[in-house]
Amino acid sequence: MEIKIRGLKKHFFSEGKLIKALDGVNLDIKANKIFTLLGPSGCGKTTLLRCIVGLETPDEGEIQIGNTIVWSKDKKIYVPTEKRELGMVFQTYAIWPHMDVFNNVAYPLQNMKLPKDDIARRVAKVLDFVQLSGFEKRPSTRLSGGQQQRVALARALVAEPKVILFDEPLSNLDAKLREETRKELKTFLGELNITAVYVTHDRVEALALSDIIGVMNAGNIVEQGSPTKIYFDADHRFVADFIGRANIIPAKIYSQAGPYTEVDTPIGRFSCQKRSFDAKDELMLCIRPEFISFESPDNKGDEGDNLNRVTGQIKQMIFVGEVFETEIRIGDTGLMAKLDPETKYKEGDKLVLAVKPGHCLLVSK
Amino acid sequence: MQRNTKLTWSLLLIVSLLTVAPVIMLILGSFSSSLHSFGNFTFKKYISVYSDPMLLGILGNTAVFVLGSAALATVLAIYLAYMNNRTDIPFKVLFRVLSVVPMMIPHVLFAVSWALLLNPSNGILNMWLQKLFFLSKAPFNIYTIPGMVLVEGLLDLPVAYLIISPAMASFDASLEESSRVFKSGPVKTLFRITLPILKPAILAAFILCVVRGLASFAVPSVLGMPGRVYVLSTFIYRAVTMSLIADYGKAAAIGMSILAISIGLIYVYRYYTRYSDKFVTVSSRGFKPTVVELRGAKAPLFAILIIISSLLIVLPVLTLLYTSLVPYIMAPGREAFSSMSLRHWHTVIKDPVSLRSLKNSLFLGLAGATVGSFLSILISYVIVKVKSRASGFLESISFLSFSFPGIVIGIGFMWYFVRTPIYASIWALFLAYVATYLPYGIRPMTSAFIQIHSSLEESSLVSGASFATTMRRIVVPLLVPGIVSSWVLLASMFFRELSVSVVLSRPGTEVLAVQILRFSEDGQWGRLSALGLIMIAVATIMVVGVNALGARFKPGESREKKKPKNWQAA
């Protein structure tokens, strides 16, 4: 089912200050896709999710799920949470400690007053789906973090809702388990025909899981698009900066005539991805460390390949396992780059940095 | 929202009638000349009380008694808490017993048992020591200030322990470990690091003991009055019982100063504990702070523990048992054992007043605790889940009576009820009990409510359950441990209530503790002991039974380690 949000506002007062948790959000979430709300803490993403599920009441605007308006200020519509027929996985999982696994999962069906054997059949099916068959009688307090997570998912799925909501469901797991569970979740969701709204502040999680990412900041959706679009081709500096590590360098337009937009920066002239700007715009050049490649100063490679090349000196190399995180000085400017762990370069070496124009992203300041 | 606002305001009204009204009546009463000329404003009572030449001596006694017993209780509590949480002392189960069992021995009985052991004329222990060492007179006299300090200190020990021990248990062990790394031994670490960091908990325990000492009536009346050692609470009692006409105005005027000191001290207490009761307490399972090996010191330190346990539990019960069986008090010996009989037990079981007091106390314990817990559930719900200015106000007036010394608030209730038809009925006691001990019911309930993370309710709503279903299937089952704690605490306090009852109890509405006090004033030690043992047995059955019932509803094993109740016993 599709979710339509129009002009949604929600303000809080906290310690005498007005906080605009949602500042007029307009959003269309397409049916049967995994949509992720990504943003720093306090950006309003959880508030937006809680408004959709009905645990929070907005101040203004309208929310439509499928063909039903579930909340509207002007039309005075409020459908309470328990009537919205959604599924949700909470950050804390909210597994009821006084019930066993079966009763936790059966609860939504019990509320629908289904016959007992029907409930048993559907619970068995969903537990099989999340690979927890045989855990029915286990007290919920004797589950590991990953198992609790799967019980929460089973409970959210058991009533076969058209929309399922996730509120940072992996943030309570340790790093290794988080990675495994992320893969599992991706598989589970891929097998279902369901609209999923997923809230997280973890960019890797967002990139790995989503069909579409909506990046939020200060109560607004700044930008939305596919993971690759958001990663390679962000329109906003905030998004480019938030979605991954980036070197951000001030830039001025030199020429927009050729196949590339050319800019002047403190470290030289760069050919960048084509984007139209006003000639006087103050811009930022954004280069991700992983897209900087290296050439030795004596062998400058092919000059006709349109690569941007600058010469710099290695200031510091930090070994972090898969790479050396390397800081390179070019005049007064420092750039972060990644060097192969078996590299022959060492601190103090001079080298040439090469970046494809396609990886030079210009965003407005 | 509408429903919550209505609930908040009706609770505000009920709680004001219960806790604010008696205070107002106490204040008005202190400015009136007698119960029947209420409202004629006069300073007469204040002048007569505060110019009484006895007052200075009484204040001195009170200060020594209160500060001495609080200091004793706190020091012993630090010792026990440290032994339990930080050392490899054996038989740690003793600490649990020590913190729970004194709840079942009423203070008045505890005080009486010490009078039986150490009174100067025929104290059992005194007589025995006299015989053993051929002394010309009794070596100890319990009817003195040091005697009162000892007994009150032992009585307040569990309270201080229940505040200090959790603080010591949740203490970040790395703070101590780093001190050890930097070359401090365990003893130096204890005094340089552990105790200074625990200062807020220790001060809170000390202050609470001071407040309880100030409110204490059992020890001053049983051990102080025979030796003519008066403190403020017995001074009030004297004003309403010892003169020809009970002077409730004078009692109120004395009460005002105790009330003022108590409220001030409770304010300081809340300041020191302001962080400890706000947060969801996560039981740190598997977390074990470093244990200090006692090695050679183990035996003597364990001996001290055994002595404290026997002083607190074994000795009083044995003394009562012995006294209930011998015809009159005599030193234990062949003669005593050969003359033992159940005579006193038979007399008590046939005594109509004793039976009536047992019946009344049972009713007050069972019915009072049920009503009190129900009220506590509603109040805690509003305090924890409804965040509004009115709910904040409700919280402060519900905790108001925490600082009320029983006998003082009893005087306030006297001024209040004498104008209503419930005066001298069992309902006067009922309402006064619920009002005075309400905070003890609310406290475990609020921590139970706080433990129910709001997402547990929200996920129920998302699963399609209505508000009522959510309450029935999620909230109430998770509250069961809190309800049990509230009920047990209230029931055991009501069952042995003394200091409020001593003012409000009338012929026909006798209660157990007051009946015990009467027996003690008349020197009826045998009957007293028999009735006292019945009282202890009933209280024990009540506490153990309800806990067992509650355990059947416990969710899984997640609540194995419950946070110990911070407040106990009055």
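Here is how the numbers come out for the structure above:
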read-out: Residues (within 12 Å of chain B (Cβ to nearest Cβ), among the aliphatic types (A, V, I, L, M) and within 18 Å of the chain's Cα centre (by Cα)) located in segment A:132-190; value: A:Ile164, A:Leu165
read-out: Subset of segment A:241-259 (residues that are touching a residue at least 12 places away in the same chain (Cβ under 8 Å), in a strand (DSSP E or B) and closer than 20 Å to A:Asp278 by Cβ); value: A:Ile248, A:Ile249, A:Pro250, A:Ala251, A:Lys252, A:Ile253, A:Tyr254
read-out: Sole residue being in the same structural domain as B:Leu375 (by TED's automatic domain parsing) and either under 30 Å from B:Tyr328 (Cα atoms) or in contact with an Asp or Glu (Cβ under 8 Å, 6 or more places away or on another chain) (or both), chosen from B:Val484, B:Val503, B:Val462; value: B:Val462
read-out: Checklist (1) surrounded by fewer than 18 Cβ atoms within 10 Å (Cβ to Cβ); (2) at pLDDT 85 or above; (3) small (Gly, Ala, Ser) applied to B:Ser30, failing item; value: (1)
read-out: Subset of segment A:203-221 [farther than 14 Å from A:Leu48 by Cα and part of a strand (DSSP E or B)]; value: A:Ile212, A:Ile213
read-out: Residue within segment A:92-112 that is surrounded by fewer than 17 Cβ atoms within 10 Å (Cβ to Cβ) and under 29 Å from B:Ser388 (Cβ atoms) present; value: no
read-out: From B:Ser391, B:Ser454, B:Ser380, residue being within 14 Å of chain A (Cβ to nearest Cβ), under 30 Å from A:Asp167 (Cβ atoms) and more than 18 Å from the chain's Cα centre (by Cα); value: B:Ser454
read-out: Pairs with Cβ under 8 Å, 6+ apart, first in segment B:347-358 and outside the structural domain of B:Arg518 (by TED's automatic domain parsing), second modelled with pLDDT of 90 or more and not in a helix (DSSP H, G or I); value: none
read-out: Residues of segment A:337-355 satisfying the condition of being surrounded by fewer than 16 Cβ atoms within 10 Å (Cβ to Cβ) and under 28 Å from A:Thr228 (Cβ atoms); value: A:Asp340, A:Pro341
read-out: Matching helices (runs of 4 or more DSSP H) fully within segment B:153-259 where at least 1 residues are among the aliphatic types (A, V, I, L, M) and surrounded by 22 or more Cβ atoms within 10 Å (Cβ to Cβ); value: B:199-215, B:232-241
read-out: Residue in segment A:11-22 that is under 22 Å from A:Lys75 (Cα atoms) and surrounded by 17 or more Cβ atoms within 10 Å (Cβ to Cβ) present; value: yes
read-out: One residue from A:Val101, A:Val89 being modelled with pLDDT of 85 or more, within 12 Å of chain B (Cβ to nearest Cβ) and more than 23 Å from A:Leu37 (Cβ to Cβ); value: A:Val101
read-out: Test result for A:Thr36, of a type in the set (S, T, N, Q), within 29 Å of A:Lys183 (Cβ to Cβ), in contact (Cβ under 8 Å) with a residue 60 or more places away in the chain and touching a Phe, Trp or Tyr at 6+ places or on another chain (Cβ under 9 Å); value: yes
read-out: Filter result (away from chain B (no Cβ under 14 Å) and not in a loop (DSSP other than H, G, I, E, B)) within segment A:117-131; value: A:Asp117, A:Asp118, A:Ala120, A:Arg121, A:Ala124, A:Lys125, A:Leu127, A:Asp128, A:Phe129
read-out: Tabulated pairs, segment B:528-555, first surrounded by fewer than 17 Cβ atoms within 10 Å (Cβ to Cβ), second outside any helix (DSSP H, G or I) and at pLDDT below 90, C-beta under 9 angstrom, 6+ apart or interchain; value: B:Phe553/A:His98
read-out: Qualifying residue in segment A:259-268 (condition: within 30 Å of A:Ile3 (Cβ to Cβ) and among the hydroxyl-bearing types (Ser, Thr, Tyr)); value: no
read-out: Qualifying residue in segment B:142-154 (condition: modelled with pLDDT of 85 or more, closer than 30 Å to B:Val291 by Cα and among the aliphatic types (A, V, I, L, M)); value: yes
read-out: Selected residue (criterion: nearest to A:Thr68 (Cα to Cα)) from residues of segment A:142-175 that are touching a residue at least 24 places away in the same chain (Cβ under 8 Å) and surrounded by fewer than 18 Cβ atoms within 10 Å (Cβ to Cβ); value: A:Lys162
read-out: Given (1) within 14 Å of chain A (Cβ to nearest Cβ); (2) over 26 Å from A:Glu56 (Cβ atoms), number of the condition B:Val514 does not satisfy; value: (1)
read-out: Subset of segment B:76-101 (residues that are free of Cβ contacts under 8 Å to residues at least 12 places away in the same chain and in a loop (DSSP other than H, G, I, E, B)); value: B:Lys92
read-out: Members of segment B:102-133 that are surrounded by fewer than 21 Cβ atoms within 10 Å (Cβ to Cβ), outside any helix (DSSP H, G or I) and touching a residue at least 40 places away in the same chain (Cβ under 8 Å); value: B:Asn122
read-out: Conditions (1) over 31 Å from the mean Cα position of the chain (by Cα); (2) assigned to a loop (DSSP other than H, G, I, E, B); (3) not acidic (Asp, Glu); number of the one not met by A:Ser276; value: (1)
read-out: Candidates A:Leu114, A:Leu55 - the one that is in a loop (DSSP other than H, G, I, E, B), closer than 21 Å to A:Pro169 by Cα and within 14 Å of chain B (Cβ to nearest Cβ); value: A:Leu55
read-out: Qualifying residue in segment A:279-291 (condition: part of a helix (DSSP H, G or I) and not hydrophobic (A, V, I, L, M, F, W, C)); value: yes
read-out: Test result for B:Arg443, at pLDDT below 90 and away from chain A (no Cβ under 14 Å); value: yes
read-out: B:Ser391 vs. criteria in the same structural domain as B:Val511 (by TED's automatic domain parsing), crowded, with 18+ Cβ neighbours inside 10 Å and of a type in the set (S, T, N, Q); value: yes
read-out: Helices (runs of 4 or more DSSP H) within segment B:407-513 that include 1 or more residues without any contact (Cβ under 8 Å) to a residue 24 or more places away in the chain; value: B:426-451, B:454-462, B:467-470, B:476-495
read-out: Some residue of segment B:241-261 being at positive phi and more than 17 Å from the chain's Cα centre (by Cα); value: no
read-out: Segment A:125-137 residues that are assigned by TED's automatic domain parsing to the domain that holds A:His98, paired with ones that are buried (at least 17 other Cβ atoms within 10 Å of the Cβ) and not hydrophobic (A, V, I, L, M, F, W, C) (beta carbon under 6 Å, 6 or more apart); value: A:Val130/A:Arg150; A:Leu132/A:Arg150; A:Lys137/A:Asp100
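The values are calculated or read from the model by the stated rules, or taken from the named source; none is laboratory data. These numbers come from a predicted model, not from an experiment. Note that each Cβ is placed from the backbone with ideal geometry, even for glycine, and that neighbours are counted across all protein chains shown.
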